[in-house]
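Enquirer: Quick one: the structure is below, and I'll ask about it shortly.
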Amino acid sequence: MWVVKLGGSLHDSPALGRWLRWLATAPGPPRIVVPGGGPFADTVRRLQPELDFDDLAAHRMAILAMQQYGLVLQAQAPDMRLAESEPELRRAQAAVWLPWRLAGRAAIAPSWAVTSDSLACWLAMRLGAERLVLVKSAAVPIGVHAAGELAAAGLLDTAFAGYARAFAGRIELAHREAPLEGALEHLAPPCRVEA
């Protein structure tokens, strides 16, 4: 199984539809799409100081923002199923994860240091996924880089390195414009992440 996180920054890019079509139809292992928070999470970030709610509430609202963005993704790729529970995720060939049921009240640090990147790694660990691919709009460096360096460069959240150390599979960053052809295994992201 692969877990593929589609960053919320892709929400207004033509690349989003291309990734969704490919993930829905490419031959290869089962794949679970983890939605970023996109503009929905940006709204939570903006409103937190204005409405003065704590980090736990913001964390839960950000997970609900991922849930909303997940509904958008599945609406754009109706061949993909929506999946909330572990059994649904494990049965799917191609699905969009709706995270609230598994992650909304899980023991995950309520902080902006934990974004959909870390939640994607958390899910990949929980499902025993072989590969985690994080699709980014920002330029992805070539070569192997430590998760801490990628966090310092703003490409990963600051909690990601801790999750990456506990994940036994392969972690990669892919740019939204990466070539997508044929089977899933042909994807060759330019950056392999090390914990």
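Enquirer: For the chain, restrict the atom set to alpha-carbon positions and state the Rg and Dmax in Å.
Expert: For the chain, the Cα-based Rg and Dmax read 15.4, 48 Å.
Enquirer: Then there's this: Starting from 0.36 nm per residue, how many nanometres of slack lie between Ala75 and Thr25 once their C-alpha separation is accounted for?
Expert: Stretched out fully, the Ala75 to Thr25 stretch lengthens by 16.5 nm.
Enquirer: Mind listing the phi-derived Karplus ³J(HN,Hα) values for the stretch 162-169, rounded to whole Hz, using 6.51, -1.76 and 1.60 with θ = phi - 60°, and x for any glycine or proline?
Expert: So the J values, rounded to whole Hz, are x, 5, 4, 4, 8, 9, 7, x.
Enquirer: Once amide H atoms are placed 1.01 Å from N in the peptide plane, what residues at a sequence separation of 5 or more from His175, or on another chain, have their amide H within under 5 Å of its amide H?
Expert: Here Lys136 satisfy the definition.
Enquirer: What list of ³J(HN,Hα) values in whole Hz, one per residue of the stretch 42-57 in order, does the Karplus curve 6.51 cos²θ - 1.76 cosθ + 1.60 (θ = phi - 60°) give from phi, with Gly and Pro shown as x?
Expert: Residue by residue, the stretch 42-57 yields 4, 5, 4, 4, 5, 7, 4, x, 5, 9, 6, 10, 7, 5, 5, 4 Hz.
Enquirer: I would also like to ask the following. Counting Lys +1, Arg +1, Asp -1, Glu -1, what net charge surrounds Pro29 among other residues with beta carbon under 11 Å of its beta carbon?
Expert: 0
Enquirer: Expressed in nm to one decimal, what extension gain is obtained for the pair Asp54 and Ala168 from 0.36 nm per residue of sequence separation less their Cα-Cα distance?
Expert: Contour length minus the Cα-Cα distance gives 37.7 nm.
Enquirer: With a 1.4 Å probe and every protein chain left in place, tell me how much accessible area Ser9 has, in Å² to the nearest 10.
Expert: The accessible area of Ser9 comes to roughly 60 Å².
Enquirer: Using a 1.4 Å probe and ignoring any ligands, DNA or RNA, find the accessible area of His11 and quote it in Å² to the nearest 10.
Expert: Solvent-accessible area, nearest 10 Å²: 90 Å².
Enquirer: Mind listing the long-range amide H neighbours of Ala94? Cut-off is under 5 Å, sequence gap 5 or more, other chains count too, H placed in the peptide plane at 1.01 Å from N.
Expert: For Ala94, whose amide H was placed from the backbone, the distant partners under 5 Å are Arg31, Arg81.
Enquirer: Another one. Could you give each residue of the stretch 59-67 its phi-based ³J(HN,Hα) in whole Hz, using Karplus coefficients 6.51, -1.76, 1.60 with θ = phi - 60°, and x for Gly or Pro?
Expert: Once θ is set to phi - 60°, the couplings for the stretch 59-67 become 4, 5, 5, 5, 5, 5, 5, 4, 4 Hz.
Enquirer: With a sphere of radius 13 Å drawn around the Cβ of Asp117, what net charge do the other residues whose Cβ falls strictly inside it have (Lys, Arg +1; Asp, Glu -1)?
Expert: Within the 13 Å Cβ shell, the charges total 0.
Enquirer: Right, here's the next one. With every protein chain in place, what's the accessible area of Thr25 (1.4 Å probe, Å², nearest 10)?
Expert: In the full protein context, Thr25 sits at about 100 Å².
Enquirer: In addition: Within the accessible area of the stretch 1-140, what % is carbon and sulfur when the probe is 1.4 Å and the other protein chains stay in place?
Expert: C and S atoms contribute 53 percent here.
The values are calculated or read from the model by the stated rules, or taken from the named source; none is laboratory data. Nothing here was measured: the structure is a model prediction, and the numbers come from that model. So basically every Cβ, Gly included, is an ideal-geometry build from the backbone, and we count neighbours across all protein chains shown. Surface accessibility is based on the protein's heavy atoms, side chains included, excluding ligands, DNA and RNA. Shrake-Rupley method; radii C 1.70, N 1.55, O 1.52, S 1.80 Å.
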